[in-house]
1. For the chain, find the longest principal axis of its Cα atoms and tell me its angle to the long axis of helix 249-272, 0 to 90°, nearest 10.
2. In degrees, nearest 10, range 0 to 90: what is the angle between the Cα axis of helix 208-223 and the longest Cα principal axis of the chain?
3. Ordered by packing density, taken as the mean number of other Cβ atoms within 10 Å over each peptide's residues, highest first, how do 272-284, 123-135 rank?
4. Sort 121, 197 so that the residue with the fewest other Cβ atoms within 10 Å of its own Cβ comes first and the one with the most comes last.
5. Please work out whether the stretch 115-177 counts as rounded, prolate or oblate from its C-alpha gyration tensor, where a ≥ b ≥ c are the square roots of the eigenvalues and a/c under 1.5 means rounded, while otherwise a/b larger than b/c means prolate and anything else oblate?
6. Among rounded, prolate and oblate, which fits the stretch 47-147 when a ≥ b ≥ c are the square roots of the eigenvalues of its C-alpha gyration tensor, a/c under 1.5 means rounded, and a/b larger than b/c means prolate?
7. Report the FRET efficiency, 1/(1 + (r/R0)^6), for residue 74 and residue 272, where r is their Cβ-Cβ distance and R0 is 41 Å, rounded to 0.05.
8. I want to check the label-to-label distance for residue 45 and residue 196. Put each point 7 Å from Cα in the C-beta direction and report it in nm to one decimal.
């Protein structure tokens, strides 16, 4: 592990794996701050970290192939082109897992949707199917063919871990930008659709603007530079469209304010030991679009 940049409050570290980063319990990431609309759920997540799902594993494969392809084989293996239904199918998979360092019989004793997670638990590696590999190749080609996207993931470093102490709350915070170069912070997002409506829904549903505010703050604490933040959206199905999105000033400011408010709520919960849940509402009003 090598420290590559530091100011009075922040530091950027390389050589930390994705698993190590997410296992850290000494600092808080954006995934926790996004849950502060219901602190009780955040407390549960802190104390009971969610296991890695197939969806998260696929997202990691997409990021690794597009941003760190030279390291892909360190974390992922290409599986066999076979179903998981019949007895012969299951035995073929058990043999494949066993040949690669796992106890194949233990893997296939679990529901098929959990095989990959169990394989990763035993070996530290994940599996992608040949069909998934074809998808990764096509997605990477789509990103490379977009001049703006290609510039954003060039002449920089992927998956660096940023740690800092928040001035206002004293909280130890962390973030892990997908890619940084001397000019930009970039966040790679895969999605089923990337038209305007789909992106608006994604930004709202997953609090992407909050993440932007937090990431920009963290990078500033570690480098002394407030860098522009851009999203690279790429579709997971043909024709694999790709587009670069920069939130306007109003959205960026709102996201930063949400991040700051979430940090304050988290600090209060820690100090008081009180982690409230959702409140009752006996006069719940629906917005016009839901009527």
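1. 90
2. Compared with the principal axis, the helix lies near 80 degrees.
3. 123-135, 272-284
4. In increasing order of surrounding Cβ atoms, one gets 197, 121.
5. Here the stretch 115-177 falls in the oblate category.
6. Prolate shape, in that a/c is at least 1.5 and a/b is the bigger ratio.
7. According to the calculation, E is roughly 0.40.
8. Going by the 7 Å Cα→Cβ label model, 3.1 nm.
No value in this document is a laboratory result; all are computed from the given coordinates. As the structure is a computational prediction, the values presented were derived from the model and not from experiment. No Cβ is skipped: glycine too gets one built from the backbone with ideal geometry, and neighbour counts run over all protein chains shown.
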